[in-house]
Amino acid sequence: MGAEQGTVRSEVIVIGGGQAGLSAGYHLARRGVPFLVLDERERLGDNWRSRWASLRLYSPALADGLPGHPFPGRRTAYPTGAQMGDYLEAYAREAHLPVRSGVRVERVRPRDDGGAGFVIEAGEQRFEADQVVVATGAFHQPKVPTFASELDPAIRQLHSSEYRTPDQLQPGPVLVVGASHSGADIALEAALHGHETILSGRIHGQLPVPLESRRAKVVFPVLLLLARHVATIRTPIGRRMRPEVRKGGGPLLRIRRQELDAAGVERTESRTEGIRDGKPVLADGRILDVANVVWCTGFRQDFSWIDAPVTGPDGWPMERRGVADALPGLYFVGLPFQYAFASMLVGGAGRDAAWVVDRLVERSRAMRATTQRTSTATVRPTG
């Protein structure tokens, strides 16, 4: 059955134009596979530009490049979020990747006629593809506790996805909930801008040396080796780490306990567990009189727009290194700890994408071979 009128047909559709989706596009182009990248943002890289203004990556430029195009500039520099956004935009342009921006995919479903392939719906737009690569990552829906709605309306509350600069905070104390990367970064920034700041939550370890120190330059290659080749789904330590990492319990990187303490941030491992009289309450019973709350409590993954049973009880896709066995032809890239701890780093996207594209190409060849055998078998000699 051919594509309906007005339907765009491509052999492969990649959903998401971040580092994972563009890496998949690069490898598809190298393998000569026709494809199209759909990205919901009007401008590539805006998922990085929309984060807090002071954000810098936790890996140096030497580890932030995508396949075929190293990150420009000094190799030991740590790019800002805006610089990463500009790099992704330039990467797609220089690699001549076919990207359609401003396309928000609302539904992916297998074809109705029982044939191989998928239908992708995006508003009034419709696409069809033999295979689909989902590269939307894991930062889908901001997660805040249900009791957040009970906060006194006079207290300004923001999720980390809404936070840009300290100017958004009103005068007075700040409670930052969640002591991982974003929590530590935002707590330090609030304290340095004159706010009495409390950081609530358990810290899951930290780098042994300051991230941008000379010692870190020596240690980083070792850490990268561990992140790429030791902490993987093939090793016992990696399999233990994976569920913890996916819960959002990563170690402190750039901002460590020492920097927080020096800036006057009050650290408490007591979780923020409720509201009393409109004020946040810690697990130890302490009631906090604050003017601001910043929820650095992570995100909920949402793959409900894929109209097929592809997720497990934990909400994560059921996949093997990105291959969804339950729905042949569907793949994932850009998942936290997809294969290794390094999967979460920009520089880890290329390896995961290459693996997925290799599997995609293998399936495509097998399907063509089957079709050719079937066609040959149905031909009958005449005469």
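Based on the alpha-carbon gyration tensor of the stretch 70-113, what equivalent-ellipsoid semi-axes (square roots of 5 times the eigenvalues) come out, in whole Å, largest first? Mind dumping the intermediate values first?
Numbers: eigenvalues 217, 31, 19 Å².
Semi-axes from the Cα gyration tensor: 33, 12, 10 Å.
Say R0 is 30 Å: what FRET efficiency, to the nearest 0.05, do Asp289 and Leu253 get from their beta-carbon distance? Calculated value: 0.45. Extending 7 Å from Cα along the Cβ direction at Glu42 and again at Arg111 yields two label points whose distance is 3.6 nm.
Which semi-axes, in whole Å and largest first, does the equivalent ellipsoid of the stretch 316-360 have when worked out from the alpha carbon gyration tensor as the square roots of 5 times its eigenvalues?
18, 11, 6
Length gained on full extension, Arg9 to Met318: 108.6 nm, using 0.36 nm per residue less the C-alpha separation. Tilt of helix 349-378 relative to the longest C-alpha principal axis of the chain, in degrees (0 to 90, nearest 10)? The angle comes out near 20 degrees. With the convex hull of its Cα atoms as the shape, the stretch 68-222 has an orientation-averaged projected area of 15.3 nm².
The modelled label-to-label distance for the pair Gln125/Ser54, using points 7 Å beyond Cα in the direction of Cβ, is 3.7 nm.
Name the shape class, rounded, prolate or oblate, that the alpha-carbon gyration tensor gives for the stretch 215-281, where a ≥ b ≥ c are the square roots of its eigenvalues, rounded holds for a/c under 1.5, and otherwise prolate holds if a/b is larger than b/c and oblate otherwise. The shape class here is oblate. For the chain, the longest principal axis of the C-alpha atoms and the axis of helix 214-225 are separated by about 40°.
For the stretch 187-298, what is the percent of antiparallel DSSP beta bridges, rounded to the nearest 5? So the antiparallel bridges amount to about 55 percent of the total. Could you give the alpha-carbon Rg of the chain over 2.2 N^0.38 Å, rounded to two decimals? Taking N as the residue count of the chain, the ratio is 1.10. Annotation for the stretch 1-101: trypsin sites (Lys or Arg not before Pro) lying in DSSP loop with at most 11 further Cβ atoms inside 10 Å of their Cβ are Arg74. Could you tell me which of rounded, prolate or oblate describes the stretch 138-256, using a ≥ b ≥ c as the square roots of the eigenvalues of the alpha-carbon gyration tensor, with rounded for a/c under 1.5 and, failing that, prolate when a/b is larger than b/c and oblate otherwise? Judged from the Cα gyration tensor, the stretch 138-256 comes out oblate (a/c at least 1.5, b/c at or above a/b).
Solvent-accessible surface of the chain, taken per residue with a 1.4 Å probe and all protein chains present: 49 Å². Roughly how many percent of the accessible protein surface of the chain is carbon and sulfur, given a 1.4 Å probe and a whole-percent answer? Heavy-atom surface of the chain belonging to carbon and sulfur, 1.4 Å probe: 52 percent.
Between Arg215 and Ser270, the distance separating the two model label sites (each 7 Å from Cα on the Cα→Cβ line) works out to 3.3 nm.
Roughly how tilted is helix 81-94, in degrees to the nearest 10 and between 0 and 90, from the longest Cα axis of the chain? Helix 81-94 and the main axis of the chain meet at about 10 degrees.
Once C-alpha pairs closer than 8 Å and six or more residues apart are averaged by separation and normalised to the residue number of the chain, the relative contact order reads 21 percent.
If r is the Cβ-Cβ distance from Glu162 to Glu244 and R0 is 30 Å, what FRET efficiency results, to the nearest 0.05?
Details: r = 26 Å, r/R0 = 0.87.
Rounded to the nearest 0.05, the efficiency is 0.70.
The DSSP beta bridges internal to the chain are antiparallel in roughly 40% of cases.
The values are calculated or read from the model by the stated rules, or taken from the named source; none is laboratory data. Quick caveat: nothing in here was measured; it's all calculated off a predicted structure. For neighbour counting, all protein chains shown are included, and Cβ atoms are generated from backbone atoms with ideal geometry for every residue, glycine included. The protein model used for the area step is the full one, side chains on, heavy atoms only, and it has no ligands, DNA or RNA in it. Shrake-Rupley method; radii C 1.70, N 1.55, O 1.52, S 1.80 Å.
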